[in-house]
Structure formats: structure tokens, C-alpha cells
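Scroll down for the structure; my scribbles are underneath it.
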Amino acid sequence: MPKVVKADSQSIKKAASILRDGGVVAFPTETVYGLGCDTFNERAALEVYRIKRRPSSNPLIAHVLDIAMAKRVVIGWDVRCQKLAEEFWPGPLTIVLPRRAEVSPSSIGGRSTVAVRSPSHPVARQLLESLGSPISAPSANRSGRISPTRAEHVVEEFAEEPELLVLEGGASEVGLESTVLDLSRARPLILRPGAVTVEMLNSVIGNVSEPFVPGQTNSPGTSAKHYAPRARAELVEPANLERRLQSCPDPVAVLAFRAEIVPAPHVAIVMPTDPREYAAKLYDSLRQADSLERQLILIEKPSERAGLWAAVHDRLRRATA
Ligand code: AMP
Ligand code: MG
């Protein structure tokens, strides 16, 4: 089992020294927990891919303390980047730009671009401060699985990695992976929707396009099936849920807004109607549903689509693909 330690100044220093020595640690961010390594260390990046069983073509996000540190990773920091960082950093916005030569090629799947983000979680920030250098980190889950929003989720994912240090820093507040915005092209393009919405981005730089068509962009994390539970998951329109449940021969798990329409022996996991609360709870609820070991998980489809709901729908679509 990985070693879970409460994040404090001592354990954070220890984690930073592991990173400095080319090792890998798991740490909390406000989006999801990350599996981090030194951005400039080629061997350390390979270790992240090995532990995650991540395809080598799927690039990592470089986490930075601030704009100055971002400039050690990217080229072409322009006025759009400056405005966005001033508005949304630290926070759940990732920017894709041409990379500096120092960035380890393996950490970005051999691309000419790199994604950067400045996290707001105090533990992630203290870790960056202690290391004094960028940390490349994907979500701390096995490739294709649900992202972890609690330290115990990381332990579930990497049970056979006894050497892995996991900094415990509570539940991730946002609970969904960051918005990924490609600024390496003339027109800004959202590669992955997140808590920084298209509306918010447009209010700062304008002209943002959002294909949101899974698998249509050159960004591996946007493939149609991703972030999936083990059981088969199915999205159901609210009006059809009662009928769909009646047609299930075996007991199922249901992520529903209304517990009262889910009769025993089916099990309801009640979801909040507020989009922030829904997003924060989604991955934990999917893991909870998975742990019930039913064949099928039904998810009552949220009827709203604007703002943060767009990112929620994106993840639900992929969890059920
Ligand atoms: P994760 O941190 O596990 O959510 O994975 C990061 C995701 O960010 C990847 O799967 C990609 O979809 C996206 N990403 C990271 N770097 C790049 C890049 N250079 N170009 C396009 N997309 C990227
Ligand atoms: Mg991931």
C-alpha cells in the first residue's frame, strides 16, 4: 500500500526532496489529486507513466507556482496568457503553449507544446515552493480510470506501489480536472471543459472556440471513453428513470437527484442540484457506486447545460461511453 501522510511542513519537505531526487509523489490539488515528478527530469517522467500505465503519447500538465515559473516551461507568453493568469490563477485553468527545450520530452509525449497550470491548493503550492521548480503531474489514477478526489482514492488506484508517498490534503474542492485551453494556435480552443467555463474565458479574452467533440482534438485526455467506472454506466433522462429502473432485472446503483424514485433493492446515491456541489461529489459517487459491485450504474442526467454543467456533462458522457 502507498504511504499516506498528513500534509504538513515536514511531510511536504520530504515530498519535495523525493521529487528533487527524481522520484514520484502524489499530492492534492483543488481539481483532483496528482502524481507528480520534476518537469525537467526525463527518468522521473517515465516513472509516472509506468505507475499510471499511461500511454506514452498522453502529455502531463506542468504545475507552477506563478507566472514567473510558467515562463521556465513555455515560450510565447503573450497578453492573452497574462490576462488569463491574472484572472484565473491560481486555479483550475490549464494553458497549452509551445514548450521550452528543458521540459523533459517524455513528460509531454514528445510534443512541441506543453500544458501549464498554477494550482490554488495550499499543499500543492507549498510543495512547489519547497521544490522551487515546476512539477509535472497527471491525475493520480490508473490510465482511463476515475480521477481521485481524496487521498484514499489514490491508495485504491496504486495498492501495489508500497513506496509511493501520498500527501493527504482533504477532498479536492473542485473535483473535476482543469479546463484545458490551447493557446498555441491563433484562435483559442478549449480542449477539455472544466470549472473555468467558456463564458468566463470569453469575458476575459473573447473569441474562444469549444468543439467539445470527444476524440476530435489532438489532446489524448479528451478521448470519448475516459474517467470510467468499472461497472457499465448509463445516462438516463429524468423522465425515463422510473421506467428504466423497472426494466432492470438485477439491483443497480443510481446517481439520482431524487432518492425517493429509486426503490429497493436498487441503491440511490443522492446527487446535489448545485453544479459546484455536484462536480465536487461526482467522482467520489462513481467510486461509491462501483464499490457496490452492481453490473450497472444509472446516472440521472442533469437537465441544465450552461456554465459548470458543461464540464459535468462532458465527464458524464465519457464515464458512460
Ligand atoms: P490529466 O492531468 O491526467 O488530466 O491529463 C492531462 C490532459 O491535459 C491530457 O490528457 C491532455 O488531454 C491535456 N494536455 C496536456 N498537455 C497537452 C498538450 N501539450 N497539448 C494538448 N493537450 C494537452
Ligand atoms: Mg487523468
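The values are calculated or read from the model by the stated rules, or taken from the named source; none is laboratory data. Keep in mind that this is a model prediction, so the values were computed, not measured. Cβ: placed from backbone, ideal geometry, glycine included. Neighbour counts: every protein chain shown. Accessible surface areas use protein heavy atoms only, side chains included; no ligands, DNA or RNA. Shrake-Rupley method; radii C 1.70, N 1.55, O 1.52, S 1.80 Å.
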inquiry  = Let me cross-check Arg53: its accessible surface, 1.4 Å probe, with only protein heavy atoms counted, in Å² to the nearest 10?
reply    = 150
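May I ask what percent, to the nearest 5, of DSSP beta bridges between residues of the chain are antiparallel?
Details: 17 of 44 bridges.
Rounded to the nearest five, the antiparallel share is 40 percent.
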ask   = Hey, what number do you get for the chain at 222 nm if only DSSP H runs of n ≥ 4 count, each worth -39500 (n - 2.57), divided across all residues, to the nearest 500?
value = -8500 deg cm²/dmol
ask   = Given a Förster distance of 41 angstrom, what is the FRET efficiency for Ser17 paired with Arg232, based on the Cβ-Cβ distance and rounded to 0.05?
value = 0.40
remark   = With the 1.4 Å probe rolled over protein heavy atoms, the chain has an accessible area per residue in Å² of 42
Rounded, prolate or oblate (a/c below 1.5 giving rounded, otherwise prolate when a/b exceeds b/c) for segment 17-68 by Cα gyration tensor = rounded
inquiry  = Placing +1 on the Cβ of each Lys and Arg and -1 on the Cβ of each Asp and Glu in the chain, which of Ala7, Gly169, Ile205 has its Cα farthest towards the positive end of the resulting dipole?
reply    = Ile205
ask   = Could you sort Arg287, Arg258 by accessible area so the largest value comes first, with the probe set to 1.4 Å?
value = Arg258, Arg287
key: Rounded Å value of the spacing that divides the Cα centres of segment 242-299 and segment 6-82   = 34
note = In nm, the gap between the two label points placed 7 Å beyond Cα toward Cβ at Ser9 and Asn202 is 4.7
remark   = With a 27 Å threshold on alpha-carbon distance, the violating pairs from Lys6/Lys281; Lys13/Lys71; Lys6/Lys71; Lys3/Lys52 are Lys6/Lys71
inquiry  = Give me the one-decimal nm value for the distance between modelled label points at Glu102 and Ala239, 7 Å along each residue's Cα-to-Cβ direction.
reply    = 5.8
